[in-house]
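The values are calculated or read from the model by the stated rules, or taken from the named source; none is laboratory data. If you're wondering where the values come from, they're calculated on a predicted model, not measured in any experiment. Cβ sites come from the backbone with ideal geometry, for glycine too, and all protein chains shown count toward neighbours.
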Amino acid sequence: MFKEILLLAVAAFGLTQAITSDLRTGDMDLIHKQKKIYELFMYVEQSKLIGSECYEIGRTFDLESNMEMFHDKMIVKEFMYRFRLGMLRRDALFSVFYEEHREELVVLFKMLYTAKDFMTFYKTACWCRLYMNKGMFITALHTAVLFRPDCKGIMLPPMYEVYPDLFFDNTVLNEARRIKMMTGTKPTMGMESMDYHVIDHTNMTQMMTMCNMNEDCELAYFTHDVRLNNYYYNIRTLFPFWLPMKDMIMPEHMMRGQFYYYIHQQLLARYNMERMSVGLKEMEDLNINKMIVPGFYSNLVYSNGVAVPNRHFWTNVPMYKYKYVKEIMNIEQRIFDAIDSGMIMDKNGKYINIYTHGGLEMLGDLIEGNTNSCNTRYYGAIEILYRNLLGANYDCKHKNCMIPSVLQTYTAALRDPMFYRMCKIITGFFLRYKCNLPAYTRSELDFAGVIVEDVKVEKMMTYMDKCEYSINNALTVDSMKEGMKWNLKAKKMCLMSKPFTYKMLVKSDKNTKSMVRIFLGPAMNMCKNNDYMCLYKYWYDFVMLDKFTVELTPGMNTITRLSTDCMHCSKNLHTGASMMTKLNKALEGTEPFTMKDKYTGFPTNLYLPRGRVGGMAFKLFVVLTPIDESHFHVIDMPMFGKLVMDGKPLGFPLDRPMMPWFMDLKNMYMKDVNIYHVNDNAEMMMMMRGMDQKMMTHDVKGFMEPMGIKRGVVEDKWMLHDYMTKNKYIA
């Protein structure tokens, strides 16, 4: 079962090609399973959710008397032994980066995973929801649903609905609770549903008050993006570093270590482009022997009322955390020695060459410190050490007193600017390794008989708009029935990308199948008139925008691709309210239950970096490569849909320095592009977003003529915006 899932879980950030996202119709068995699992995630703060099926089953299920219903009876015995001794309290804060918490999580996951059938798994989950720590339970349940074969096809809720306290500031959640207190939910009110909106202004206003001291606050539109943080949680859940593999059926080449590098390299490259967009200088290197810069402040408060730890500006490393500094320095030196010598030492003292096939996998496992690492005793887990050091939280001796920093969570880590400093260090190990690899030869990069004649791109534009998110789980309800009535949403300002089209003219001398890869990178000063230098010096600063297959025919081929067709991006996620409505209608027989295999991914609204009002220069790199059918694999991936891999390394061909003299290859094309950011402060832009194209084309005379704009000058609202900007009607 793991073989089908983990083999190609490397697809989530442009790693593989999406084949289809066609709707599928679930049968009645899947519908019942879907509803049972979804209810487990609802109002998870309340163990006693009156009126819910999971509560009734959980309080009557006897775990020990059903031990025969598990493949591994010893793990159930171990769990019960730990439970009687005292596992993590239900109201304590959980972090997968805390060793005691992690040990208990592994036992809980194994018990859920080894249940012989779905009903045993479900009843065990109901019991755990009632008695186990909520954070540990959700992590184990989420992972088990992904990997159990009898849960195939079940959709999981977005984490911002399950844990709204780790995605939305406390001021917003307090307002939500105040609305509930003032409104009440007595049946005499005669209300079938209660719709309210909480406007969250803190994302772009309150956070900016700190920007005089911390310039990283200007990037809150990116680092605080709800869907991006949810995406990072999902992507790390596909490859949990704590997941025990020795008893699992694992593929020979699952690319786990390579994936770990690629996802963080892509996030770091994108973060750097956002820094350039707002005029920030290059990110400084982190020196743990000096003061930690920058600081981190947030209004996040955990569900038990404890504030998320903040880190003051120009903070010294506390004395009690010097142990991490010493251990990090030792492990860093060992990793660099391994990269430079090309040899890593396994737990038996045997040396293994990492400059061979599969070497990057071994190095990635070693750096992450996951269960596949060849020697965790010697190489440790440097990411965990950095998160423990930089998070500015206290080291607690007792597991129930631990207060995780945002760096010690997956749901909020991207908010902290120190996360990207940590990424820079981690990816630095891999870049050192990559630079030691031989450059690709001409034959490895060429596509004989294929010429990219031209690439045209519509105007690339971004703007700010409001996004809505359900925060029902922030409330405390009397019963499941009451909980189903609420439809409380928060609004936040989000960066949005205007859809656009690529048009490529490609000449081929034969019928052939090709993989098209599109990259975007910064236009550095030294690269403005030198495309060769850009790919040689700054190859690691490019992000993959898209990747797709095409069938080429002899002669000139016109390839048209919409930005919204991007294979690794996902639009708005389903909400809990909409999911339950669909399930209830399906159970009543009034409509079929349809869903998409791909229901999550990198957020579409962040397809492009922000850019600037007057336009910001970037480099667009397009490359076509031949397809070897023997290396193609189609995988049905949980959450991310049907995907394929083409046998090339992740990020190919920009996964290592490219020799400048290869830029004359005809299957490659470099283009200068500009990304324009629309100033959303103009009130008229809010009006224009609500108008359809027909309205803008034919019926805007009354809107434009007072400003001296003649009919026919513009074709749509975006051209109108360009016209108005040029003539200084708006900034």
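Show me the helices (runs of 4 or more DSSP H) entirely contained within the stretch 617-731 in which 3 or more residues are at pLDDT 75 or above.
It comes to none.
Considering 99, 175, 192, which residue is of a type in the set (Asp, Glu) and either farther than 28 Å from residue 488 by Cα or modelled with pLDDT of 90 or more (or both)?
Step by step, each of 99, 175, 192 is checked, and only 99 is of a type in the set (Asp, Glu) and either farther than 28 Å from residue 488 by Cα or modelled with pLDDT of 90 or more (or both).
Would you confirm, using the coordinates I've provided, whether residue 566 is modelled with pLDDT under 95 and under 30 Å from residue 156 (Cβ atoms)?
In short, yes.
Could you list, in sequence order, all residues of the stretch 51-91 that are assigned to a loop (DSSP other than H, G, I, E, B) and out of contact with any Cys (no Cβ under 8 Å at 6 or more places or on another chain)?
Passing the criteria: 51, 52, 62, 63, 71, 72, 86, 87, 88, 89, 90, 91.
Restricting the stretch 1-29 to residues that are surrounded by 19 or more Cβ atoms within 10 Å (Cβ to Cβ) and closer than 17 Å to residue 595 by Cβ, which is modelled with the highest pLDDT?
26
Give the residue that is modelled with the lowest pLDDT, with candidates limited to residues of the stretch 236-276 that are assigned to a helix (DSSP H, G or I) and of a type in the set (Lys, Arg).
Among them, the one singled out is 256.
Just to be sure, is residue 609 crowded, with 22+ Cβ neighbours inside 10 Å and part of a loop (DSSP other than H, G, I, E, B)?
When the stated conditions are applied, residue 609 passes them.
Can you tell me which of (1) at pLDDT 85 or above; (2) part of a helix (DSSP H, G or I); (3) not small (Gly, Ala, Ser) is the one residue 584 doesn't meet?
So the condition that residue 584 fails would be (1).
Which of the following residues is among the aliphatic types (A, V, I, L, M), part of a helix (DSSP H, G or I) and either modelled with pLDDT of 95 or more or on the phi < 0 side of the Ramachandran plot (or both): 496, 515, 526?
526
On the basis of being surrounded by fewer than 16 Cβ atoms within 10 Å (Cβ to Cβ) and either within 28 Å of residue 413 (Cα to Cα) or touching a residue at least 40 places away in the same chain (Cβ under 8 Å) (or both), does residue 62 make the cut?
Considered against the rule, which asks whether it is surrounded by fewer than 16 Cβ atoms within 10 Å (Cβ to Cβ) and either within 28 Å of residue 413 (Cα to Cα) or touching a residue at least 40 places away in the same chain (Cβ under 8 Å) (or both), residue 62 comes out as no.
Enumerate the pairs (first residue in the stretch 403-415 and more than 9 Å from residue 229 (Cβ to Cβ); second residue anywhere and hydrophobic (A, V, I, L, M, F, W, C) and in a helix (DSSP H, G or I)) with beta-carbon separation below 7 Å, excluding pairs fewer than 6 apart on the same chain, so at least 6 apart or on different chains.
Within 7 Å, the pairs are 406/413; 407/390; 407/413; 407/418; 407/419; 409/166.
Specify the residue that is farthest from residue 262 (Cα to Cα); the eligible residues are those in the stretch 426-443 that are surrounded by 13 or more Cβ atoms within 10 Å (Cβ to Cβ) and charged (D, E, K, R).
Top of the filtered list is 432.
Taking residue 605, is it at pLDDT below 85 and not β-branched (Val, Ile, Thr)?
no
Name the helices (runs of 4 or more DSSP H) wholly within the stretch 351-418 that hold at least 2 residues that are under 29 Å from residue 270 (Cβ atoms)?
Here the list reads 359-368, 382-390.
Is the stretch 325-335 home to any residue that is in a helix (DSSP H, G or I) and of a type in the set (Lys, Arg)?
Yes.
For the stretch 638-662, which residues satisfy the criterion of being hydrophobic (A, V, I, L, M, F, W, C) and crowded, with 19+ Cβ neighbours inside 10 Å?
639, 640, 643, 644, 645, 650, 652, 654, 658, 662, listed by residue number.
Does residue 153 satisfy being small (Gly, Ala, Ser), closer than 22 Å to residue 53 by Cα and surrounded by fewer than 21 Cβ atoms within 10 Å (Cβ to Cβ)?
Against the criterion (small (Gly, Ala, Ser), closer than 22 Å to residue 53 by Cα and surrounded by fewer than 21 Cβ atoms within 10 Å (Cβ to Cβ)), residue 153 qualifies.
State whether the residues of the stretch 465-480 include one that is among the hydroxyl-bearing types (Ser, Thr, Tyr) and either crowded, with 18+ Cβ neighbours inside 10 Å or assigned to a helix (DSSP H, G or I) (or both).
Looking through the stretch 465-480, at least one residue is among the hydroxyl-bearing types (Ser, Thr, Tyr) and either crowded, with 18+ Cβ neighbours inside 10 Å or assigned to a helix (DSSP H, G or I) (or both).
If I go through the stretch 438-490 residue by residue, how many of them are over 28 Å from the mean Cα position of the chain (by Cα) and within 28 Å of residue 515 (Cβ to Cβ)?
Looking only at that region, the number is 19.
What residue, among those in the stretch 115-173 that are among the acidic types (Asp, Glu) and assigned to a helix (DSSP H, G or I), is farthest from residue 231 (Cα to Cα)?
For the stretch 115-173, the residue satisfying everything is 150.
Being β-branched (Val, Ile, Thr) and not in a loop (DSSP other than H, G, I, E, B): is that true of residue 317 here?
Judged against the criteria, residue 317 is not a match.
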